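Here's the structure we're looking at; comments come further down.
What follows draws every value from the coordinates through simple rules; no lab data is involved. From a predicted model like this one, the values you see are computed outputs, not experimental measurements. Note that we place each Cβ from the backbone using ideal geometry, even for glycine, and neighbour counts take in every protein chain shown.
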Amino acid sequence: MGFSQSIVENALLSCGRHCCICHKFCGTKIELHHIDQKKNGGEDSFDNCLPLCFDCHADVMQYNPEHPKGKKYSFSELKKHRENWYKKVELSDGLITSSTKYCELDRKTFERLNELLSSKELMYFIKHNIFCNKFNDNLMTEIDLFLKECELPEFEFIDADLDGLKSELEIHFEKLEQLILENTFGAGPGKQSIPYEWEELQPERYKKAINDFSELTPLLHETYTSLVKLSRRKLYLD
């Protein structure tokens, strides 16, 4: 039968239609996972329901115990992810963070994010997707600084909507960093670029690299813009 309509609605409200593992906002692209699978006797209960994005759902489901690689999610870990996220969503209240103290903490997080991701420098470069041209090595340093900051427990928004967008931004930056590592090389002192010779010697690889950057950078900048605009609306209202 699957989860009842009341359980579905309560779960979606509790998570704010965000994934309980990666925290990105999913909208309609969300699935309700049985933590304990029905084929193993799992129930269609609220306690056994876990809202996940498509990617995290596939990740949770694909682990093969006969050929183990990595670490499988345990039932208790999945439930802790869910409960921690539900609590964060509960703390959020419409457009205004529910507590003055929480609002101050989120303002500090937002100010730190602005220090790391300058809209006039790093984000301007990403917006205009100039990766097919030469770019400065320090771009990677700035991306790496942001990703390292994301590992710190204090670099989080108490507000669920803001933290969901920050988590989504982190995922995009991880993908961008990987694209840069795989597709760009030294192009003179302090410079990197996609090798120009690929256009003739490896045209398929050159085209794929250009397409991969072209698909990712608008998504990344759109998420960044949404986070900045929503943060200003939520955190700086009198």
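Some points to look at:
- Listed residue (Ser14, Asn40, His81) projecting farthest to the positive dipole end of the stretch 5-91, Cβ model: His81
- Rounded to the nearest 10 degrees, the inclination of helix 138-150 to the longest alpha-carbon principal axis of the chain is 10 degrees.
- Between Thr217, Phe135, Gly2, the Cα set farthest toward the positive side of the dipole of the chain (charges on each charged residue's Cβ, about the Cα centre) is that of Gly2.
- Relative protection proxy for 145-156, 76-87, from highest mean packing down: 76-87, 145-156 (other beta-carbon atoms within 10 angstrom).
- Close amide H contacts of Ile21 (hydrogens built in the peptide plane, cut-off under 5 Å, sequence separation of 5 or more or a different chain): Cys53.
- Table column - 3J(HN,Hα) (Hz), the stretch 197-205, Karplus curve with 6.51, -1.76, 1.60, x for Gly and Pro: 5, 4, 4, 9, 7, 9, x, 5, 5
- For the chain, the dipole from Cβ point charges (+1 on Lys and Arg, -1 on Asp and Glu) about the Cα centre works out to 200 debye, to the nearest 20.
- With the alpha-carbon atoms of the stretch 79-238 aligned to their principal axes, the span from lowest to highest coordinate is 58, 34, 23 Å, starting with the largest.
- Taken about its Cα centre, the stretch 5-91 carries a charge dipole of roughly 300 debye when the Cβ of each Lys and Arg holds +1 and the Cβ of each Asp and Glu holds -1.
- In percent, rounded to a whole number, the relative contact order of the chain is 21, using alpha-carbon pairs under 8 Å and six or more apart.
- For the stretch 45-58, the Karplus equation 6.51 cos²θ - 1.76 cosθ + 1.60, evaluated at θ = phi - 60°, returns couplings of 10, 4, 5, 9, 9, 9, x, 9, 6, 4, 5, 5, 5, 5 Hz by residue, with Gly and Pro reported as x.
- When the pairs Lys87/Lys166; Lys101/Lys148; Lys80/Lys108 are compared against a 20 Å limit on Cα-Cα distance, Lys101/Lys148; Lys80/Lys108 fall above it.
- Packing here is the average count of other Cβ atoms within 10 Å per residue, and on that basis the peptides 193-201, 222-230, highest first, run 222-230, 193-201.
- FRET efficiency, Asp36 to Leu13 (Cβ-Cβ, R0 35 Å, nearest 0.05): 0.95
- Computed label-point distance, nm, for sites Phe75 and Ile130 using a 7 Å Cα→Cβ extension: 5.5 nm
- Acute angle (nearest 10 degrees) that the helix 5-15 long axis makes with the longest principal axis of the chain, alpha-carbon atoms: 50 degrees
- Across Thr217, Thr184, Thr109, mean-square fluctuation computed from a Gaussian network of the chain (C-alpha pairs under 10 Å connected) peaks at Thr184.
- Taking Cα atoms only, the orientation of helix 100-116 departs from the longest principal axis of the chain by about 20 degrees.
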